[in-house]
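I'd like to ask some things about the structure below.
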Amino acid sequence: MSQLTLTKIRFRDGLWEGRIAGTGASGSMPVIEVRHLDRPVPDVALEGSETADEWSLTIPIPTEAIADGVQSFVIYDLTADTKIGDFTLICGELTGDDLRVEVELLRAELDMLKRAFRRHCVETQ
């Protein structure tokens, strides 16, 4: 069971930076994957810090993700197969209560469930 917590540090110059703390399912450095439009984001960096059980996470925003509309990024702990966080970019016209963000996050969660279900079906055959 993953007991990781994700804290945003900053978003600047096309890099989203955060800190992951806690103990992963294996007790060692977690295996992190960031997905955008159900595709892995390349060049995600996870580095250890001076503090035990803490890691610095750096996510470069792909240029194709900088577009009109809502762009959701979901951060997963692959060892425990759980979501540990997310963030959203909104470009173009902004509205006060935009449900598009929630719909994009639900879509990302559904994609994760589909992958898990397909993997389960393959493993049980």
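The values are calculated or read from the model by the stated rules, or taken from the named source; none is laboratory data. Everything numeric here is computed off the predicted structure, so don't read it as measured data. Reconstructed Cβ throughout: ideal geometry from the backbone, glycine too, with neighbour counts over all protein chains shown. Protein only, heavy atoms only, side chains kept; ligands, DNA and RNA dropped before computing areas. Shrake-Rupley method; radii C 1.70, N 1.55, O 1.52, S 1.80 Å.
P(r) of the chain in 10 Å steps, Cα pairs, percent per bin?
Pairs per bin, as whole percents: 12, 40, 34, 13, 1.
For every other residue with a beta carbon closer than 11 angstrom to the beta carbon of GLU54, add +1 if it is Lys or Arg and -1 if Asp or Glu, then tell me the sum.
Working: positive: ARG19; negative: GLU47, GLU50, ASP53.
Value of the local net charge: -2.
Another question, then. Once Rh for region 1-64 is found with the Kirkwood sum over Cα pairs, what is the Stokes-Einstein diffusion coefficient at 37 °C and 0.692 mPa s, in µm²/s? It would help to have the intermediate numbers written out before the result.
Numbers: Rh = 12.5 Å.
My calculation gives 264 µm²/s for D.
For the pair GLU54/GLU102, report the inter-label distance in nm, with labels modelled 7 Å from Cα in the Cβ direction.
Here the answer is 3.5 nm between the modelled labels.
Can you give me the relative contact order of the chain as a percent, contacts being Cα pairs under 8 Å and 6 or more apart? Before the final figure, lay out the partial values.
Values: 205 pairs, mean separation 27.4, N = 125.
Reported as a whole number, the value is 22 percent.
State in Å² the accessible area per residue of the chain; use a 1.4 Å probe, count heavy atoms of protein chains only, and round to the nearest integer. Could you put the intermediate results ahead of the total?
On the way: 7860 Å² over 125 residues.
Heavy-atom accessible area per residue stands at 63 Å².
Separate question: When the accessible area of the chain is split by element with a 1.4 Å probe, what percent falls to carbon and sulfur? Could the numbers behind the result be given before it?
Numbers: 4120 of 7860 Å².
Taking all protein chains in place, the chain shows 52 percent carbon and sulfur surface.
Give the longest segment of the chain that steers clear of GluC sites (Glu not before Pro) in DSSP loops with at most 10 neighbouring Cβ atoms within 10 Å, not counting the sites themselves.
On the way: sites that count: GLU50, GLU93.
Value returned for the longest uninterrupted segment is 1-49.
Between LYS114 and ARG12, what FRET efficiency comes out of the Förster formula 1/(1 + (r/R0)^6) with R0 = 35 Å and r the beta carbon distance, rounded to 0.05? Write down the numbers at each step before the final one.
Working: r = 34 Å, r/R0 = 0.96.
With R0 = 35 Å, the Cβ-Cβ based efficiency is 0.55.
Within the set of other residues whose C-beta is less than 13 Å from the C-beta of TRP16, count the net charge using Lys and Arg as +1 and Asp and Glu as -1. Display every interim value, and only then the final one.
On the way: positive: LYS8, ARG10, ARG12, ARG19; negative: ASP13, GLU17, ASP43, ASP86.
Spelling it out: positives minus negatives among the neighbours equals 0.
Within 10 Å of each candidate Cβ there may be at most 16 other Cβ atoms; applying that plus a DSSP loop requirement, which trypsin sites (Lys or Arg not before Pro) in region 61-122 survive?
On the way: sites: LYS83, ARG100, ARG107, LYS114, ARG115, ARG118, ARG119; in loops: none.
Sites meeting the loop and neighbour criteria: none at all.
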